[in-house]
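Q: Structure in structure tokens, see below.
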Amino acid sequence: MKKFARKTREIKVRIVFVKLKTGETETLFTNLPKEIATPEELKELYGTRWTIEKKLRQIKKQTSH
């Protein structure tokens, strides 16, 4: 594992700014090229993922008590 960690690797990252309903601007980082996903599609995808993360957090809290 140490050998792997020492190797220099390059990852292309795309930074996308999207405006939320609240008027705030959210910064998204993705490795998906613009030909694959538009900023609006990424906004929807990240929004869905965030909802899942919040639900998982709620479940963890309920089961830890």
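The values are calculated or read from the model by the stated rules, or taken from the named source; none is laboratory data. Just so it is clear, the model here is predicted, and its values are computed rather than measured. Note that each Cβ is placed from the backbone with ideal geometry, even for glycine, and that neighbours are counted across all protein chains shown. Just so you know, the surface numbers come from the protein's heavy atoms only, side chains and all, with ligands and any DNA or RNA stripped out. Shrake-Rupley method; radii C 1.70, N 1.55, O 1.52, S 1.80 Å.
Q: Can you name every residue in segment 37-65 that is without any contact (Cβ under 8 Å) to a residue 12 or more places away in the chain and either open to solvent by less than 70 Å² (accessible area, probe 1.4 Å) or within 13 Å of the chain's Cα centre (by Cα) (or both)?
A: Step one: of segment 37-65, the residues without any contact (Cβ under 8 Å) to a residue 12 or more places away in the chain are 37-38, 41, 44-45, 47-65.
Of everything in segment 37-65, those that are without any contact (Cβ under 8 Å) to a residue 12 or more places away in the chain and either open to solvent by less than 70 Å² (accessible area, probe 1.4 Å) or within 13 Å of the chain's Cα centre (by Cα) (or both) turn out to be A37, T38, E41, E44, L45, G47, T48, R49, W50, T51, I52, E53.
Q: Conditions first: (1) open to solvent by 100 Å² or more (accessible area, probe 1.4 Å); (2) modelled with pLDDT under 95. P33 passes all but one, so which condition is the exception?
A: (1)
Q: Are any residues in segment 10-25 open to solvent by 80 Å² or more (accessible area, probe 1.4 Å) and either farther than 18 Å from R49 by Cα or in a strand (DSSP E or B) (or both), and if so, which ones? Please lay out each step first, then the result.
A: Our first condition is that a residue be open to solvent by 80 Å² or more (accessible area, probe 1.4 Å); within segment 10-25, this holds for 10-13, 15, 17, 19, 21-22, 24-25.
Selection gives E10, I11, K12, V13, I15, F17, K19, T22, E24, T25.
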